[in-house]
Amino acid sequence: MSKAEKERTEHAESTGGAKTDASVDPDALLKVEGLDAGYGDLQILSDVNLHVADGEYVTIVGPNGAGKSTVMKSVFGLTTHMGGTVTFDGKEIQGNLPEEIIHEGIGYVPQNENVFETLSVRENLEMGAYILDSVPEDQIQAVYDRFPILEERSEQKAGTMSGGQRQMLAMGRALMLDPDLLLLDEPSAGLAPDLVAEMFDRIDRINDDGTAVLMVEQNAKVALGRCDRGYVVVQGENRYVDSGEALLNNEQVRQDFLGG
Ligand SMILES: Nc1ncnc2c1ncn2[C@@H]1O[C@H](COP(=O)(O)OP(=O)(O)O)[C@@H](O)[C@H]1O
Ligand SMILES: [Mg+2]
């Protein structure tokens, strides 16, 4: 056994057998390779490797402050790039601006403050397509068809809507340019339990219709139960990667990250 193999075996034992394979599928839609990133001089992420295949549904879980949101922000050009690459559809995008990244086909729903409160629902959706010369009416209608409550409330100010409705609006806005990849940072945060289930159903449908999804979730058990693959990010590194089901069934992951 080579030294590297021995280290891998020992590591696999210390992680309860969960895969820690950092390899990135060369054909994936999104590839994050050896990514170092942070804020100004402060490095948060260290050698993060992950991928999302075309049409795949991938979840990132991990403790508070681990760097999950920072991974999402880094894909969308909102952090300081310090090393490594982010490749989308064969093109390197690390260091690009968010408005350039939107053009490439990535939509992003931030964890907080993800709607313009003083604007109406419809105006929020229009903002999602601000990089276009004209308002894409057919796309607004497509979002209304997906989230009928948004059509009913089209003239209402976003700031007066409930948490669940705002979350739908934020998703609708991110879908306005019909992205190939949707980044969702804690879409179920702050929602009542029945709304959490509804939100996950809607995400399933968006993914079933062909949009790849990379999602961060605190509701780790539910999220891992629904997605194709999951990553567990700890202290700025991805520590485990496997199918959602395998992570759910892994003793070590359950004890350390899923509350038993
Ligand atoms: N804008 C920022 N400036 C400086 N540090 C930040 C900023 N945003 C997050 N951090 C720090 O980065 C680390 C990871 O945060 P974050 O990615 O939000 O974690 P998670 O989403 O996993 O809870 C934390 O230590 C946090 O304090
Ligand atoms: Mg976060």
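The residue of region 216-259 that is most open to solvent (accessible area, probe 1.4 Å), among those that are within 16 Å of E56 (Cα to Cα) and among the aliphatic types (A, V, I, L, M), is V241.
One residue alone among R229, R205, R254 is farther than 23 Å from L150 by Cβ, among the basic types (K, R) and without any contact (Cβ under 8 Å) to a residue 60 or more places away in the chain, and that residue is R254. Taking every residue in region 71-84 that is more than 9 Å from ligand 1 (Cβ to nearest atom) and pairing it with any residue that is charged (D, E, K, R) and in a strand (DSSP E or B), at least 6 positions away or on another chain, the pairs with Cβ-Cβ distances below 7 Å are M82/D36; G83/D36; G84/E33; G84/D36.
Among the residues of region 47-70, those that are over 13 Å from E33 (Cα atoms), within 16 Å of ligand 1 (Cβ to nearest atom) and assigned to a strand (DSSP E or B) comprise V58, T59, I60, V61.
Once region 27-46 is narrowed to residues that are open to solvent by 10 Å² or more (accessible area, probe 1.4 Å) and closer than 15 Å to Q235 by Cβ, the residue that is farthest from ligand 1 (Cβ to nearest atom) is D36.
For L258, the conditions (1) hydrophobic (A, V, I, L, M, F, W, C); (2) modelled with pLDDT under 95; (3) within 19 Å of L50 (Cα to Cα) are fulfilled apart from (3).
Condition check for N207 on (1) in a helix (DSSP H, G or I); (2) crowded, with 23+ Cβ neighbours inside 10 Å: one failure, at (2). I'd like to check something: does region 185-194 contain any residue that is acidic (D, E) and open to solvent by 30 Å² or more (accessible area, probe 1.4 Å)? Yes. Within region 181-215, the set of residues being of a type in the set (D, E) and under 14 Å from V109 (Cα atoms) comprises D185, E186.
Checking L184, L191 one by one, the residue that is within 16 Å of ligand 1 (Cβ to nearest atom) and either within 29 Å of Y144 (Cβ to Cβ) or at pLDDT 95 or above (or both) is L184 and no other.
Here region 107-149 is the region considered, the condition is being surrounded by 12 or more Cβ atoms within 10 Å (Cβ to Cβ) and charged (D, E, K, R), and the residue that is nearest to ligand 1 (Cβ to nearest atom) is E117.
The values are calculated or read from the model by the stated rules, or taken from the named source; none is laboratory data. What you see is a predicted model; the values in this text were computed from it and never measured. Methodologically, a virtual Cβ is constructed for each residue, glycine included, from the backbone with ideal geometry; neighbour enumeration extends over all protein chains shown. These area figures cover heavy atoms from the full protein model, side chains too; ligands, DNA and RNA do not enter into them. Shrake-Rupley method; radii C 1.70, N 1.55, O 1.52, S 1.80 Å.
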